């Protein structure tokens, strides 16, 4: 039985495949880095980390930290759920100028808690 999050991941992968992106599911383990996004991709030379969420689920503090690191290194750091798949599509149309969206899901940073 597919979980709600796995259904979101499937939709993300279909979108990435249509954009001819290189994309893989990241599966954690004993030697894995905690918080690494679910999907790692490269699109027209730009690194993209995508944390897939279902419904109103939010990224963990470790996941936000990893996304922040990707963003600060020049990559695109995204949180994608079934309600914002169109944001991913828009990013793919203009990958060079696409902006990370993880901050709107960050419930840990003081600035975002007060917003």
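Derivation of every value follows stated rules applied to the coordinates shown; laboratory data play no part. It should be emphasised that the depicted structure is a prediction, and the values quoted were computed from it without experimental measurement. Here Cβ is always computed from backbone atoms with ideal geometry, including for glycine, and neighbour counts include all displayed protein chains.
Listing for the model above:
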item	result
Sorted by Cβ density within 10 Å, fewest first, the residues 103, 51, 20, 82	20, 82, 103, 51
Antiparallel content of DSSP bridges confined to the chain, in %, to 5	65 percent
Globularity index of the stretch 4-110, i.e. its alpha-carbon radius of gyration over 2.2 N^0.38 Å	0.98
Ascending count of other beta-carbon atoms within 10 Å, so fewest first, for 40, 88, 78	40, 88, 78
If the convex hull is drawn through the Cα atoms of the stretch 38-77, its volume per residue in Å³	61 Å³
